[in-house]
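The values are calculated or read from the model by the stated rules, or taken from the named source; none is laboratory data. Note that the coordinates shown come from a computational prediction; the quantities given were computed from them, not determined experimentally. Positions of Cβ are backbone-derived with ideal geometry, glycine not excepted, and every protein chain shown enters the neighbour counts. Calculation scope for accessible area: heavy atoms of the full protein, side chains included, ligands and nucleic acids excluded. Shrake-Rupley method; radii C 1.70, N 1.55, O 1.52, S 1.80 Å.
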Protein chains: 2
Amino acid sequence: MTEITILSPATVANVVCGFDILGFALDGPFDKMLIRKVSGKGVTIINKDDYNLPTEPAKNVIGGALLALLEAVPEDIGFVVESTKIIKPGSGIGSSAASAAGAVVGANHLLNDRFSKEELIRFAMCGEEVASGSKHADNIAPCIYGGVTLIRSSDPLDIISIPAPPLYVTILHPQIEVKTSDARGILKKQVSLKDAITQWGNVAGLIAGFMKNDYDLISRSLVDVIVEPIRSILIPGFEEVKKKSLEAGALGGGISGSGPSMFMLSKDEATAKAVEMAIIAVYKNIDIDFHTHVTTISNEGVRMI
Amino acid sequence: MTEITILSPATVANVVCGFDILGFALDGPFDKMLIRKVSGKGVTIINKDDYNLPTEPAKNVIGGALLALLEAVPEDIGFVVESTKIIKPGSGIGSSAASAAGAVVGANHLLNDRFSKEELIRFAMCGEEVASGSKHADNIAPCIYGGVTLIRSSDPLDIISIPAPPLYVTILHPQIEVKTSDARGILKKQVSLKDAITQWGNVAGLIAGFMKNDYDLISRSLVDVIVEPIRSILIPGFEEVKKKSLEAGALGGGISGSGPSMFMLSKDEATAKAVEMAIIAVYKNIDIDFHTHVTTISNEGVRMI
């Protein structure tokens, strides 16, 4: 096989109390990539969308990830990638991770799946580095593994799949820019031990809630006393969106990644749609373009078609 | 029924990375209490051991817990408790919790189990307050629930039982005094966000490891970057005990509660006994009396006999 088309899903990182350690894969939207194996080392990127992303491999997320992968390939081969981005860059639902993870999963398939998922994550993290300057796995891991993933440690890399009950996700994407570097820069470098204990109690509760299929426990645990109080000021209407979503029946939710998107989890589709209506009602009164959609946490990550 | 005898087990709180939120019940040692329901409000304590604990109810852990329970009882009744303490006070394996939890579980049985486990925990926390000045549940919860318990939140109280695979526990009790208030006083009130993230990654990994019966993950997650580096200086030989225990095959371990006891977890009894031998070899060279024993995490808490 010398050519493959893959769909690479959007993902939500952090998941309220799970800052820097948790993420999950969505059942959409997806980026689409056609990946062709060619002779001669190197990566050629062809963008088939209107985002004007760089095509020089070292400056492109797909390129950064595939160049890292090719370093581990002894054969004199390379890849041509036709990328159709659907997930808007900078939206906070793992756009760069979808590019990086999709490219390496597809390329690996053309190499007869010689690399492990952990190796693929390491390659894809080099793509993330091109996008944000830091090698983080909290979107890449769920993009490759599917479902809810825990990054217990980034160095050494330790990824754990967390079983979870069916969960519907309402996404709000306000059309504003929140730079990851800004969102990280405003965080305090020190936190109180008291808040840290509250946070790890909630993280423990959230993991237990997922694994026990206990929606009430998931809901009680979706509390972030460390990051959300600071970052939420970057998202217009955050408090009102959250309040109305909970009133509409959401289990909880918060900032997706470093924003500006927000996500809300619900037990069933009808509730997730009611939450979407509640969010639209709030955002209609805010002078910012936005869009919303309802999807699910998907146990599948990158898909081959 | 007007009289009951109960056995109340020792417990381990904190569990390395789970500072202030995790605990588990041991299959021994136990305190023994004979509890008798009598007419007329009040609590009478008869100590049948050599610890010279106060018998005035308001100054005694059993008394504090039972007085709190009696406030919720409309009938004009009280309790006489004959307490035989086996778990040495101040050892760090939940001696005061065993008194408080055992007393309220036994008394509740004489009241036809009218109170929920959560209510019993609240009463028992009033006993803990007598011992340490603070109402904490991290020993009481496992003492009453058995097994591994998560205290997601103390206020409001939110206790979650965490299923876990069979685990053997090696306990070292150096015969020194570490006051809970001192052990708490030396902790820093602020921690770095980076360390906090490492800690909650490990907490999440530990919960997932318990629930997936994944001994390797439990082992990798038993890391405390926040409390242990500070508190371990209060325990002579801490680093050497830990190092030799890991070499002998322990999954991991650390300070039990606020010390001075240490605990090490192992997958099987033979390993736990090898760990005990390794610990004895270290402590024989330290000029402090000590004792060790091997037990298991028990899914039973307070038992009626």
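Quickly run through the range B:196-216 and pick out the residues that are under 23 Å from the mean Cα position of the chain (by Cα), of a type outside the set (Phe, Trp, Tyr) and within 7 Å of chain A (Cβ to nearest Cβ). It would help to see each step written out before you state the result.
Applying the first criterion (under 23 Å from the mean Cα position of the chain (by Cα)) to the range B:196-216 yields B:199-200, B:202-211, B:213, B:215.
Narrowing further to those that are of a type outside the set (Phe, Trp, Tyr): B:199, B:202-209, B:211, B:213.
Those that are under 23 Å from the mean Cα position of the chain (by Cα), of a type outside the set (Phe, Trp, Tyr) and within 7 Å of chain A (Cβ to nearest Cβ): B:GLN199, B:ASN202, B:VAL203, B:ALA204, B:GLY205, B:ILE207, B:ALA208, B:MET211.
Figure legend. Inter-residue proximity from the range B:270-299: first residues under 17 Å from B:PRO165 (Cβ atoms) and outside any helix (DSSP H, G or I), second residues open to solvent by 30 Å² or more (accessible area, probe 1.4 Å) and among the small types (Gly, Ala, Ser), beta-carbon distance below 8 Å, spacing 6+ or different chains. Indicated pairs: B:ILE297/B:ALA164. Highlighted here are the helices (runs of 4 or more DSSP H) found entirely within the range B:147-255 that include at least 3 residues which are open to solvent by less than 10 Å² (accessible area, probe 1.4 Å): B:193-211, B:215-221, B:238-247.
Checking each residue in the range B:256-277 for being among the hydrophobic types (A, V, I, L, M, F, W, C) and crowded, with 22+ Cβ neighbours inside 10 Å picks out B:MET262, B:PHE263, B:MET264, B:LEU265, B:ALA272, B:VAL275.
Does at least one position in the range B:215-225 carry a residue that is more than 25 Å from A:LYS212 (Cα to Cα) and at pLDDT 95 or above? Yes. Please verify whether B:LEU234 is among the aliphatic types (A, V, I, L, M) and either in contact with a strand residue (DSSP E or B) (Cβ under 6 Å, 6 or more places away or on another chain) or free of Cβ contacts under 8 Å to residues at least 24 places away in the same chain (or both), treating the condition exactly as stated. For B:LEU234, the condition - among the aliphatic types (A, V, I, L, M) and either in contact with a strand residue (DSSP E or B) (Cβ under 6 Å, 6 or more places away or on another chain) or free of Cβ contacts under 8 Å to residues at least 24 places away in the same chain (or both) - is not met.
Scanning the range A:137-153 for residues that are touching a residue at least 40 places away in the same chain (Cβ under 8 Å) and either of a type in the set (Lys, Arg) or within 11 Å of chain B (Cβ to nearest Cβ) (or both) turns up A:ASP138, A:VAL148, A:THR149, A:LEU150, A:ILE151, A:ARG152. Just one of (1) at pLDDT below 95; (2) buried (at least 22 other Cβ atoms within 10 Å of the Cβ) fails for A:GLU129. It is (2).
Given the residues B:ASP158, B:ASP224, which is the only one that is within 14 Å of another protein chain (Cβ to nearest Cβ) and under 24 Å from A:LEU187 (Cβ atoms)?
Details: B:ASP158 fails: under 24 Å from A:LEU187 (Cβ atoms).
Being within 14 Å of another protein chain (Cβ to nearest Cβ) and under 24 Å from A:LEU187 (Cβ atoms) holds for just one of B:ASP158, B:ASP224, which is B:ASP224.
One residue stands out among those in the range B:163-192 that are among the hydrophobic types (A, V, I, L, M, F, W, C) and in contact (Cβ under 8 Å) with a residue 60 or more places away in the chain: the one that is nearest to the other protein chains (Cβ to nearest Cβ), which is B:ALA164. Looking only at residues in the range B:7-38 that are aliphatic (A, V, I, L, M), assigned to a strand (DSSP E or B) and surrounded by 24 or more Cβ atoms within 10 Å (Cβ to Cβ), which one is nearest to the other protein chains (Cβ to nearest Cβ)? Top of the filtered list is B:LEU22.
Among the residues of the range B:240-260, none qualifies, meaning not one is free of Cβ contacts under 8 Å to residues at least 24 places away in the same chain and either of a type in the set (Asp, Glu) or in contact with a Pro (Cβ under 9 Å, 6 or more places away or on another chain) (or both).
Right, A:LYS135: of a type in the set (D, E, K, R) and either modelled with pLDDT under 95 or surrounded by 20 or more Cβ atoms within 10 Å (Cβ to Cβ) (or both) or not? Spelling it out, A:LYS135 is indeed of a type in the set (D, E, K, R) and either modelled with pLDDT under 95 or surrounded by 20 or more Cβ atoms within 10 Å (Cβ to Cβ) (or both).
Please indicate, with yes or no, whether at least one residue in the range B:99-115 is under 15 Å from B:ILE21 (Cβ atoms) and not assigned by TED's automatic domain parsing to the domain that holds B:GLY257. No, because not a single residue in the range B:99-115 is under 15 Å from B:ILE21 (Cβ atoms) and not assigned by TED's automatic domain parsing to the domain that holds B:GLY257.
Residues in the range A:108-119 that are touching a residue at least 12 places away in the same chain (Cβ under 8 Å) and either within 24 Å of A:GLU177 (Cα to Cα) or open to solvent by 10 Å² or more (accessible area, probe 1.4 Å) (or both): A:HIS109, A:PHE115, A:LYS117, A:GLU118, A:GLU119.
When restricted to residues that are loosely packed, with under 14 Cβ neighbours inside 10 Å and assigned to a strand (DSSP E or B), the range B:39-50 contains 2.
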